[in-house]
Amino acid sequence: MTQDKWCQLKQQLLTSVGHNHYASWIEPLVLSSIDSGEAVFKVPTAFLGSYVNQNFSDQIIRHFNEAGERVRSLRFETVENRRFQKTKKNAPQKIGEPNNKTHDANTPTSQNDILKAAPLDSRFTFETFVVGKPNELAHAAARHVAEGGPLSFNPLFLYGGVGLGKTHLMHAIAWELQDQKPKLNVLYLSAEQFMYRFVQALRERKIMDFKHIFRSVDVLMVDDVQFIAGKESTQEEFFHTFNVLIDQNKQIIISADRAPGEIKELENRIKSRLQCGLVVDLHPTDYELRLGILQTKVAQHLANSFSKQEIADGVLEFLAHRISTNVRVLEGALTRLFAFSLLVGRPIDMDLTQDCLADVLRASSRKITVDEIQRQVADYYNIKLSDIIGPKRTRAFARPRQIAMYLSKQLTARSMPEIGRRFGGRDHTTVMHGVRRIEELKTTNGQVADDIEMIRRVLEA
Ligand code: ADP
Ligand code: MG
């Protein structure tokens, strides 16, 4: 199996295991070989391997088989994260060693796994983070913390939707701190890993070690903390760790997919402690930021590859426009374009983009509802929503109503009878008539055509 195919398979796994599991457990797997039914993966820690084996092996094997690859079992080989060690000397990998002499960093015992931070991605630095309006506050706060000046924000709580750069910023902070202050014990891990380490420590009766380790770090970063919602004993332990560190003026950085107050099943005392520091959110990306990210990624790609793949004018703008908020999807689209262009020997232009990204474009095009259309049209013509739906037949209401019907037919999958029902229970023949009328008007009346274009743009933005 080629790496390309494995990448595709990973994408399928992303859908079946979900984003959180994917980022923690599947993403780090590197396929090294498949031999007589056994797939061998390289993993950064033994813990990760055994966890994946226990929890995801069935799904991984199923996906292999569905892709026509006969795999019956998985094996995991622990490798030192070479990329990691090459680029940074003092990587925030192991912690607590001076106090735990018995824990030899080279033996992959399970006890040692408790000590290990999650590996940092060498691509996630401040240099590669593109700043725009939606993320400028979060970026500034992250920078501030990374510069490690007098403590002012503790904890720093970053939140925002999937793929908006939370993990990227956290890794960037860790790298920066480690560069500036190599002696600092920086521990980065996902809340899920925190939990499994905690559970493992309980099982192996190493809870004192666990406590000691977590409480001897200088900087603790816990990613995707929403994961521990509803998990009582983990929350309890997290809370204590958190308090001890804060009391010692140690920096804590937390991320979540929503604001502290909105995480259900998270104890109130934790919520309120999380809110004591600085809470900043990453807003959904806007067009300019998406375009900036695409341009940066293209430049990086070209700098790192031998082939000089040109991208036709308009392609990046098109992607920035059509792929909504998630940067991960945006990156995936770009990677696919480069790969596809290379494989089929075609230039990266609009044609190739449409062919190769049809599914992504379809999935990310937002669903517009009849309701929204009615509201936008009413707004645009400065009339009340009830006038669009209601019975009044004067031209000032009838024309916007017909335009709303026309747009509903064009932009939603609703049938004429369904549209009629949403317009105050009108008959489908009324809808049909309205739609036809606007189709005619569009060709004869420039103003109507312009109006429709404007409204459509607002709706599709
Ligand atoms: P989150 O943790 O919020 O779900 P990530 O930090 O994993 O998101 O980001 C998803 C992907 O998008 C990563 O590859 C990351 O490098 C990239 N990314 C997100 N925001 C930016 C940005 N502002 N500049 C550059 N890359 C970004
Ligand atoms: Mg993340």
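The values are calculated or read from the model by the stated rules, or taken from the named source; none is laboratory data. Predicted, not measured: the structure shown is a model, and the values here were computed from it. Note that we place each Cβ from the backbone using ideal geometry, even for glycine, and neighbour counts take in every protein chain shown. Calculation scope for accessible area: heavy atoms of the full protein, side chains included, ligands and nucleic acids excluded. Shrake-Rupley method; radii C 1.70, N 1.55, O 1.52, S 1.80 Å.
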Given the criteria open to solvent by less than 80 Å² (accessible area, probe 1.4 Å) and either touching a strand residue (DSSP E or B) at 6+ places or on another chain (Cβ under 7 Å) or touching a residue at least 24 places away in the same chain (Cβ under 8 Å) (or both), does Gly434 qualify? yes
Every listed condition ((1) at pLDDT below 80; (2) part of a helix (DSSP H, G or I); (3) more than 23 Å from the chain's Cα centre (by Cα)) holds for His21 save (3)
Top-ranked residue of the stretch 53-69 - restricted to ones that are charged (D, E, K, R) and assigned to a helix (DSSP H, G or I), ranked as surrounded by the most Cβ atoms within 10 Å (Cβ to Cβ): Arg62
Take Phe318 and decide whether it is assigned to a helix (DSSP H, G or I) and among the aromatic types (Phe, Trp, Tyr). yes
When residues of the stretch 248-263 are limited to those that are farther than 20 Å from Asp209 by Cα and without any contact (Cβ under 8 Å) to a residue 40 or more places away in the chain, the one least open to solvent (accessible area, probe 1.4 Å): Ile263
Every pair of residues 6+ apart whose Cβ atoms lie under 6 Å, when the first sits in the stretch 266-295 and is within 17 Å of Pro134 (Cα to Cα) while the second is modelled with pLDDT of 90 or more and open to solvent by 80 Å² or more (accessible area, probe 1.4 Å): Val280/Leu137
Mind counting the residues in the stretch 123-175 that are open to solvent by 40 Å² or more (accessible area, probe 1.4 Å) and more than 8 Å from ligand 1 (Cβ to nearest atom)? 13
Is there a residue being within 24 Å of the chain's Cα centre (by Cα), closer than 23 Å to Phe210 by Cβ and modelled with pLDDT under 80 anywhere in the stretch 50-63? yes
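Given the criteria over 22 Å from Met170 (Cα atoms), away from ligand 2 (no atom under 16 Å from the Cβ) and among the basic types (Lys, Arg), does Lys271 qualify?
Values: over 22 Å from Met170 (Cα atoms): no; away from ligand 2 (no atom under 16 Å from the Cβ): yes; among the basic types (Lys, Arg): yes.
The answer is no for Lys271.
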What are the residues in the stretch 119-147 that are farther than 14 Å from His168 by Cα and among the aliphatic types (A, V, I, L, M), if any? Leu137, Val145
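Inside the stretch 361-439, counting only helices (runs of 4 or more DSSP H) that do not spill past its ends, which hold 2 or more residues that are within 30 Å of Ala320 (Cβ to Cβ), of a type outside the set (Ser, Thr, Tyr) and out of contact with any Pro (no Cβ under 8 Å at 6 or more places or on another chain)?
Where helices (runs of 4 or more DSSP H) fall fully within the stretch 361-439 and carry at least 2 residues being within 30 Å of Ala320 (Cβ to Cβ), of a type outside the set (Ser, Thr, Tyr) and out of contact with any Pro (no Cβ under 8 Å at 6 or more places or on another chain), they are 370-381, 395-411.
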For the subset of the stretch 322-356 comprising residues that are of a type in the set (Ser, Thr, Tyr) and farther than 18 Å from Gln8 by Cβ, which member is nearest to ligand 1 (Cβ to nearest atom)? Thr325
I'd like to know if the stretch 422-430 contains one or more residues that are free of Cβ contacts under 8 Å to residues at least 60 places away in the same chain, at negative phi, open to solvent by less than 20 Å² (accessible area, probe 1.4 Å) and not aromatic (Phe, Trp, Tyr). no
From Leu14, Leu29, which residue is surrounded by 17 or more Cβ atoms within 10 Å (Cβ to Cβ), within 16 Å of ligand 1 (Cβ to nearest atom) and within 25 Å of Gly332 (Cα to Cα)? Leu14
Provide a single number: the residues in the stretch 362-385 that are open to solvent by 40 Å² or more (accessible area, probe 1.4 Å) and over 22 Å from Gln8 (Cα atoms). 13
Criterion first (of a type outside the set (Val, Ile, Thr), without any contact (Cβ under 8 Å) to a residue 12 or more places away in the chain and open to solvent by 20 Å² or more (accessible area, probe 1.4 Å)) does Asp359 satisfy it? yes
Mind telling me which of the residues His144, His103 ends up being more than 28 Å from Thr296 (Cβ to Cβ) and either at pLDDT below 90 or more than 16 Å from ligand 2 (Cβ to nearest atom) (or both)? His103
Looking at (1) at positive phi; (2) within 16 Å of ligand 1 (Cβ to nearest atom); (3) of a type outside the set (Gly, Ala, Ser), which is the only condition Leu289 fails? (1)
Test: residue in the stretch 217-228 that is open to solvent by 20 Å² or more (accessible area, probe 1.4 Å), more than 16 Å from ligand 1 (Cβ to nearest atom), more than 23 Å from Leu164 (Cα to Cα) and modelled with pLDDT under 90: no
